[in-house]
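Down below is the structure, laid out as structure tokens.
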Amino acid sequence: MLNIEIDGKSIEVEHGSTIIDAADKVGIAIPRFCYHPKLSVAANCRMCLVQVEKFNKPLPACATPVADGMKIFTRSKSAIEAQQSVMEFLLINHPLDCPICDQGGECDLQDVAVAYGVSGSRYTEEKRVVFNKNIGPLVSTDMTRCIQCTRCVRFLKEVGGMQELGMIGRGEHAEITAYVDKSVNSELSGNIIDLCPVGALTSKPFRYSARSWELTRRPSIAAHDSLGSHIEVHVKDNKVMRVLPREKESINECWLSDRDRFSYEGLNSPDRLKVPMIKHNGAWVETDWKTALEFAAGQLKDITNEHGGEALGVLVSPNSTMEEGFLAKKLANGLACGNVDYRLRQTDFRLDGKRLGTPWMGCNIHEIEELDRIIVIGSNLRNEHPLLAQRFRRAVANGAELSVVSPLDNDPLMDIAHKVIVRPNDMVNVLGQILKAMSGLQRLSLCLPPSLTALLDDIKVRPNTQAIAESLAGHGKDYDLIAPKVGIFLGNMALSDPRFTEMYSMAEAIGGITGAKGGILPAAANSTGMHMMGVMPSSTGMHARAMLEIPRKAYLLLNIEPELDCQHAALAKAAMEKAECVVALTTYKSQALDNADILLPITPFTETSGTFMSMEGRVQSFAAAVRPLGESRPAWKVLRVLANTLGLAGFDFESSEQVKDAIFAGEKPSAVVWRSLNNNLRELVEIQVNIKHDGLQRIGEVPQYESDPIVRRSPPLQKTKYNIKPMARMCSRQLAALDLVEGDHVLVKQDKGSAVLTVRLDDHVAMGCVRVAAAHEATIGLGELMGDITVEKLSPQQLLDINKNITEARA
Amino acid sequence: MVASSKPVVKTDLAGQTLVTLRTLTEENPASLETYLKLGGYAALKRVVTEKVKPTDIITEVKTSGLRGRGGAGFPTGLKWSFMPRYFDGVKYLVCNTDEGEPGTFKDRDIIRYNPHQLIEGMAIAAYTLGARVGYNYIHGEIWQDYEIFEAALHEAKAAGYLGENLFGTNFSFDLYAVHGYGAYICGEETALIESIEGKKGQPRFKPPFPASYGVFGKPTNVNNTESYTSIPWIMQNGGQAFADLGVPNSGGTKLFSISGHVEKPGNYEVNMGMPFTELLALAGGIWKGRQLKAVIPGGPSTAVMPASAIMGATMDYDGLSKARSSLGAGSMIVMDDTTCMVKALHRLAYFFYEESCGQCTPCREGTGWVYRVIDRIVKGQGKMEDLDLLTDVSNNIAGRTICALGEAAATPVLSFIKHFRPEFEYYIQHGKSMVDGK
């Protein structure tokens, strides 16, 4: 520790602290623009110049490390003069038209100018003009306002992983720009809006729609991935105007993914269902709540009375709150129905009944940065968990070795030490190879069940899996770690895979040997919470896949669009078509719900109170940010009243808090969570390591901005380059093997369904696979996300015929 | 491809002491043959084969009184002692041949007429500092000279003065030529390092200094061309002999690039401490029989001196600092009595405005402001308060920037207005120059 003095205050600071760190620690405000605690130090704005004893020139507080006995003066004559002169320089070329600037009222430059500027300018020469850049649909530019602090440049390079902005030109001609004709495509790009200390980078969707001082700020929790990011919902006239990150160091730090930041634009989509609707003679008719609820209750009651509770299937979105999931399950149970599930995109349910607890990520989010060795299995990190990916990026920057086993070779924008890119079916074998290679490494004691040991005999270890095993065991390029901190994580592609169970078991075995932390990276905001509450089939009930494979007579849908949110789109569609009655609690009226019979308008997360449980088991409750739109109501209320109408007992909740209390039975949530989270298995499942699979396998990834109904309706997100129509993507070897070239049209088939797609060369895809995105209208005819698929080349005539048929069918 | 290695040889060398340009007396100065004839590479061979202790070499350089010839005048021996002696990895050596200030053209003559002495000097430095790889960064506008240096590198390599295991010892040194693209800022050592790394030339914040974090983040020693070129002479003749050429605190010789209103502009290598009048006489005196008005002694970043101040000065570090300017890089711009100081400053202000890298605020914004105000004065739209404004703005740039360009830009403005204020006032009042009436 060092003893220093700032403005006469004696303080103790750590070795290596800078003056600005020390000042911040004791609450002495030093003005700054380019400095940001999460970014590298640039020292270019010069606003933080302070006087330091024994130095004849003022020093930048952000870049000057403290020394023992240092005396710093932040408000002395020399310091103030320096700060004021820098302020004057910054303002000479900056437009002084705050009233028409979108940043006005929340502008660092404006604020600091009030403190350090003067009322008039000595500058009477012409001002600089910089042309604006179009960097995409999310961030708007007003480059004349830029003060060249390079925060945006540093963010994209250091946090985003790719330098998409840079400064070109010298002196006054220096300007921030993207690559020629390129936009900023980072999935974290919105953060540069927050970072920009002036109005140069502002939010394109929000621009000119409200003033910061007109907005009421309401805390909430992000709803589109399981990170549990803290957000602040900005509201004006009962409308969500924008969403910003709320600082939470251990979760989202001060960042937010673009998905969580810009999804709000979908909240008030024209698709919003504002009144209950009933299908009458094939046409939708608006109705009142009482009629709708009575009708729904009557239908459900009739069907369950006649055919038993198992005639009903209840499908719950993992994006719904804990309260909603709890009531949906309770309602189903009240109808003697055990068919409840939230695992809509899961194919393999062989682990049911074999788990010791709720699967989770197996560590705290911030612990990722401290890992030495990481293996990620079946995950396109940036697509699935955009903000979590940057924690991995920082781990790698800190020296961690990252290994990847995946059917996709997407660039995570961080160094990968070892990777094995194989078709999903071969991933179990690859994990087996890693396990076997470990048995050859003396440092690891291998105590595997005999059944697993015998299996490994049939496996041949390849050099790249050997390398992964060695890496996980602590071997390194320069030196070997004695006790590496290892992390193992399974992502969405693994979770959706027909052989998820085997992958999971192998991963668990690897984790056991290496003493690894880790687990699954749950896909949705409340996946972990749903599992913990057991929003899953009873011992005799059906899981999500079975409910579609063996169609039910009635369905209760909570917050889902079946064809887009289920792992088997074609089955989901068929099941809904066939059902006698489909009651959909939904925020939007959509084509995907055309086969429903009753639509009950529920509110999105911003219009209800509720609770999400994150990937690290954090139970986070939030209040509604705005009142419900139209006649829509929070789903927990709808479920409660529906249950009342059905005459079910135990539905007397008057607030979501009461529901929450019921969930945790009056206990402290963390205590319940602590008991529940457990990635271990009660018993091993049967694993086969050498399943031959000669056909093609689909990689049915859910694109980032198609992940849930709100995101799908956010126009700015839909305008990004991530929104491309699904195509049949294959690697060059695969194309050659099928005699296809990019641009060909093909008929892809899964089960009885098919889709006509354009062929795209994508060398990120493993041989033997076709990458066909899911959750899109173009592919709702297809089947399992990671299932078998065939590809047939279409001649121009065949293509014409198909198009003609489609046109005729529509007519 | 390679430009002629037989440039025109200067004949009139009277009054000069040739240390860094010692091959000028010969027919084909840039060739290896010529350099060897003059005893070249003997010093390198001696220190390498006799395994002279690096600390002894540094002591010798300290004794010589050699100070950085790029303008800052930092003692070279002291700088060398900052390089970490034990470092696990590659250390680098960089030569700064990026002289870019108006009126600066001395290093160009070194690589054009005496490239081998620079190579030898760098090799000795590399041996001393344990550097494995060296770069000579040559500014982008002198392509022909760049090629001469490149040819010399090939010659030296072929003859075994560069490369692996020199003279059969375990000392190896690879030297490369790198050329810039014409940015003045790349003459700043950390911007130069960034440029070598392939980045936009922008100074780094210091500390850390290059000695601990230089090229590719490795310990790096950066010296000026003239400094390195002095080393072989020092190692051959001894540090004391070099020091004795000059005056106390300014050892050796100095190359002065004399331009402006003299009869014989050009480079003159003379002993440190030579009276200004003598140096002026070497350059043939003021041209056309006119009177001396002012001199910028060390390049535009040094303060201008009115004739009265410079006539009694001696050309060395202390001599010029006593006269309230500085030796800088020895780029002397001589101005006769027909020179309008307002227009001269206009030109200089434009240079700094154009060459600011744009990284930090005071320089990026301030140089443009200063230029525009002077431009307005020159166009006859000046206001009397502009002079105080210029002074104030320049003071606000100086000392508040990442690199020294801030001071460099402020110094001419401050010194021109200080010494020639009436001329500026006249220009503002009359909208035209006091000197040429235009």
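Miscellaneous remarks
- Tally of residues being more than 24 Å from the chain's Cα centre (by Cα) and either under 21 Å from A:V711 (Cβ atoms) or touching a residue at least 60 places away in the same chain (Cβ under 8 Å) (or both) across the range A:595-604: 6
- No other residue among B:A404, B:A410 is within 14 Å of another protein chain (Cβ to nearest Cβ) and modelled with pLDDT under 95 apart from B:A404.
- Scoring B:N395 on the criteria (1) crowded, with 24+ Cβ neighbours inside 10 Å; (2) in contact with a Leu (Cβ under 8 Å, 6 or more places away or on another chain); (3) not charged (D, E, K, R) leaves a single failure, condition (1).
- Selection status of B:K157, basic (K, R), farther than 23 Å from B:F256 by Cβ and either at pLDDT 95 or above or out of contact with any His (no Cβ under 7 Å at 6 or more places or on another chain) (or both): yes
- The range A:765-800: number of residues that are part of a loop (DSSP other than H, G, I, E, B), more than 30 Å from A:M576 (Cα to Cα) and not hydroxyl-bearing (S, T, Y): 4
- Selected residue (criterion: farthest from B:G299 (Cα to Cα)) from residues of the range B:366-392 that are more than 8 Å from chain A (Cβ to nearest Cβ) and hydrophobic (A, V, I, L, M, F, W, C): B:M384
- B:A349, sole failed condition from (1) within 25 Å of B:F205 (Cα to Cα); (2) more than 9 Å from chain A (Cβ to nearest Cβ); (3) of a type outside the set (F, W, Y); (4) surrounded by fewer than 18 Cβ atoms within 10 Å (Cβ to Cβ): (4)
- Members of the range B:366-407 found to be not in a helix (DSSP H, G or I) and not β-branched (V, I, T), listed by number: B:K379, B:G380, B:Q381, B:G382, B:K383, B:M384, B:A398, B:G399, B:R400, B:C403, B:A404
- The listed residues are B:C357, B:C363, and the only one of them that is within 14 Å of chain A (Cβ to nearest Cβ), in a loop (DSSP other than H, G, I, E, B), out of contact with any Phe, Trp or Tyr (no Cβ under 7 Å at 6 or more places or on another chain) and not β-branched (V, I, T) turns out to be B:C357.
- Qualifying residues in the range A:63-112 (those that are in a loop (DSSP other than H, G, I, E, B) and free of Cβ contacts under 8 Å to residues at least 60 places away in the same chain) - the one farthest from the chain's Cα centre (by Cα): A:S76
- Residue that is farthest from the other protein chains (Cβ to nearest Cβ), among those in the range A:31-85 that are within 29 Å of A:W255 (Cβ to Cβ) and among the charged types (D, E, K, R): A:K38
To keep it simple, each residue is scored yes or no on (1) under 18 Å from B:G68 (Cα atoms); (2) in a strand (DSSP E or B); (3) in contact with a Leu (Cβ under 9 Å, 6 or more places away or on another chain); (4) modelled with pLDDT of 95 or more.
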position	(1), (2), (3), (4)
B:S230	yes, no, yes, yes
B:M235	yes, no, yes, yes
B:Q240	yes, no, no, yes
B:A243	yes, no, yes, yes
B:F256	yes, yes, yes, yes
B:E269	yes, yes, yes, yes
B:I333	no, yes, no, yes
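- Search result, residues across the range A:155-175 that are in contact (Cβ under 8 Å) with a residue 12 or more places away in the chain and closer than 19 Å to A:C196 by Cβ: A:F155, A:L156, A:E158, A:V159, A:G160, A:M162, A:E164, A:L165, A:G166, A:M167, A:A174, A:E175
- Boolean, A:V685 is in a loop (DSSP other than H, G, I, E, B) and over 26 Å from the mean Cα position of the chain (by Cα): yes
- Taking the criterion of being touching a helix residue (DSSP H, G or I) at 6+ places or on another chain (Cβ under 8 Å) and either within 16 Å of A:G515 (Cα to Cα) or surrounded by 12 or more Cβ atoms within 10 Å (Cβ to Cβ) (or both), the residues of the range A:454-481 that qualify are A:L455, A:L456, A:I459, A:V461, A:R462, A:T465, A:Q466, A:I468, A:A469, A:E470, A:L472, A:A473.
- Against the test of being assigned to a helix (DSSP H, G or I), under 29 Å from B:G289 (Cα atoms) and either among the aliphatic types (A, V, I, L, M) or more than 12 Å from chain A (Cβ to nearest Cβ) (or both), the options B:K432, B:K438, B:K418 yield a single qualifying residue, B:K418.
- Whichever residue in the range A:692-710 is closer than 14 Å to A:R499 by Cα and out of contact with any helix residue (DSSP H, G or I) (no Cβ under 6 Å at 6 or more places or on another chain) and, among such residues, is surrounded by the fewest Cβ atoms within 10 Å (Cβ to Cβ): A:K692
- Residues of the range A:86-136 satisfying the condition of being small (G, A, S) and away from chain B (no Cβ under 14 Å): A:G104, A:G105, A:A115, A:S119, A:G136
- Meets criteria (buried (at least 24 other Cβ atoms within 10 Å of the Cβ) and over 18 Å from the mean Cα position of the chain (by Cα)) for A:A546: no
- Taken as a whole, the range A:237-246 holds at least one residue that is outside any strand (DSSP E or B) and in contact (Cβ under 8 Å) with a residue 24 or more places away in the chain.
- Criterion (buried (at least 22 other Cβ atoms within 10 Å of the Cβ), assigned by TED's automatic domain parsing to the domain that holds A:A483 and at pLDDT below 95) met by exactly one of A:L446, A:L435: A:L435
- Of all residues making up the range B:303-332, the number that are among the polar types (S, T, N, Q), surrounded by fewer than 22 Cβ atoms within 10 Å (Cβ to Cβ) and either under 16 Å from B:G73 (Cα atoms) or in contact (Cβ under 8 Å) with a residue 60 or more places away in the chain (or both): 3
- Among all residues of the range A:159-181, there is at least one that is within 14 Å of another protein chain (Cβ to nearest Cβ), closer than 25 Å to A:S263 by Cα and buried (at least 19 other Cβ atoms within 10 Å of the Cβ).
- Evaluated against (1) free of Cβ contacts under 8 Å to residues at least 40 places away in the same chain; (2) buried (at least 24 other Cβ atoms within 10 Å of the Cβ); (3) of a type in the set (A, V, I, L, M), A:I374 falls short on exactly one condition, (1).
- Elements of the type helices (runs of 4 or more DSSP H) sitting completely within the range A:367-464 and holding at least 1 residues that are under 25 Å from A:A483 (Cβ atoms): these cover A:386-397, A:427-439, A:450-456.
- Scanning the range B:383-438 for residues that are in contact (Cβ under 8 Å) with a residue 24 or more places away in the chain and acidic (D, E) returns B:D386, B:E407, B:E423, B:E425, B:D436.
- Residue in the range A:700-709 that is in a strand (DSSP E or B) and in contact (Cβ under 8 Å) with a residue 12 or more places away in the chain present: no
The values are calculated or read from the model by the stated rules, or taken from the named source; none is laboratory data. What you see is a predicted model; the values in this text were computed from it and never measured. Heads up, the Cβs are rebuilt from the backbone with ideal geometry, glycines too, and the neighbour counts pull from every protein chain shown.
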